[in-house]
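Student: Mind looking over this structure? Questions follow.
The values are calculated or read from the model by the stated rules, or taken from the named source; none is laboratory data. Predicted, not measured: the structure shown is a model, and the values here were computed from it. Here the Cβ positions follow ideal geometry from the backbone for every residue, glycine too, while neighbour counts run over all protein chains shown. For the accessible areas, the whole protein counts, side chains as well, though only heavy atoms, and no ligand, DNA or RNA atoms are used. Shrake-Rupley method; radii C 1.70, N 1.55, O 1.52, S 1.80 Å.
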Amino acid sequence: MTINDNPFADDLDHADEELTTALSRLAVDGPISVLDRIAATWVRVSSTVGDLFVASTDQGVAYVRTTHAVHDSETEFAKLFRREFTRPLVAATRPPAGLLPALHEQRATKLRFDLSQLSPFEREVLLAVLTIPRGQVRPYAWVANHIGRPNAVRAVGSALGRNPVPLLIPCHRVIRTNGTLGDYIFGQVTKRALLDAEGTNIGEIYELAQHHIHYVGSDTTGVVCFPSCPNARRITHPHRHGFRTITEANTAGYRPCHHCHPTPETA
């Protein structure tokens, strides 16, 4: 009997179709293969600053560069990635889970990252920066205080310069205490464009800093905030008071905002 003579052939074909349909509806990725553990994958996606090359390992998103930064060259991107991770790159069929929503919402707190190439200190810095909300900025000193290393401000800057996943871990939201932007891997023009696109009041922050005002308090709530905090931006002019330090604000009877968490300065 040939397969065409099999009375169950139609049933088998129908079962195959049902199985294929069911597999296509699975909500999770397949098991990690040996290749996944050896090689990393890359995709090209769009963002607010143009197209990006994004590389991922089995641990998460590991490396991000604008196409402009690598002269729109997949080869150059792969070379830079391999220099850092000593792993080959293969093209992915789709972006990793959560990447496109993170880029669209400019909020990547739920995205998995592979930061294994960094030191424990560098990872601490980047995880602190990941908590800075869209449309807000923090000074380098805040990051140092946030991780319990108040005297490591310069080291924080170096760690941000090593950020392998800019845009996703938003080091562009860290600025200098004097209100100037500071360095950025894609340049200050891109940093300013990102902050403007997020609606950050970076111009006002700079102007306040020139008058040695780094915190803003409301005399109706008794709360003091960073100037980029939504609570600070709602304070009307008659009830708005500026402070040079949190210690000065505390002495005047203000408490730190529970939203933006300004921290006292060290001596």
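Student: Any idea which of Leu89, Leu127 is touching a Leu at 6+ places or on another chain (Cβ under 9 Å), more than 27 Å from His212 (Cβ to Cβ) and either crowded, with 18+ Cβ neighbours inside 10 Å or not polar (S, T, N, Q) (or both)?
Tutor: Leu127
Student: If you don't mind, there's one more thing I want to ask. Could you run through the stretch 130-146 and say how many residues are hydrophobic (A, V, I, L, M, F, W, C), open to solvent by less than 30 Å² (accessible area, probe 1.4 Å) and touching a helix residue (DSSP H, G or I) at 6+ places or on another chain (Cβ under 7 Å)?
Tutor: Total meeting the criteria: 4.
Student: May I pose another question? Out of all the residues in the stretch 192-202, which are assigned to a helix (DSSP H, G or I) and under 17 Å from Arg234 (Cα atoms)? Steps first, answer last, please.
Tutor: First, the residues of the stretch 192-202 that are assigned to a helix (DSSP H, G or I): 192-197, 202.
Answer for the stretch 192-202, where residues must be assigned to a helix (DSSP H, G or I) and under 17 Å from Arg234 (Cα atoms): just Ile202.
Residues checked against (1) open to solvent by 90 Å² or more (accessible area, probe 1.4 Å); (2) assigned to a loop (DSSP other than H, G, I, E, B); (3) in contact with a Gly (Cβ under 7 Å, 6 or more places away or on another chain); (4) over 19 Å from Leu127 (Cβ atoms):
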position	(1), (2), (3), (4)
Ala62	no, no, no, no
Arg65	no, no, no, yes
Phe77	no, no, no, yes
Leu80	no, no, no, yes
Thr93	yes, yes, no, yes
Ala102	no, no, no, no
Leu111	no, yes, yes, no
Leu115	no, yes, no, no
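Student: Still on this structure, please answer the following. Given (1) open to solvent by 60 Å² or more (accessible area, probe 1.4 Å); (2) touching a Phe, Trp or Tyr at 6+ places or on another chain (Cβ under 9 Å); (3) part of a helix (DSSP H, G or I); (4) not basic (Lys, Arg), where does Ile205 come up short, assuming only one miss?
Tutor: Condition not satisfied by Ile205: (1).
Student: What is the number of the single condition among (1) over 26 Å from Tyr63 (Cβ atoms); (2) open to solvent by 40 Å² or more (accessible area, probe 1.4 Å); (3) in contact (Cβ under 8 Å) with a residue 24 or more places away in the chain; (4) in a loop (DSSP other than H, G, I, E, B) that Gly179 does not meet?
Tutor: Every listed condition holds for Gly179 apart from (2).
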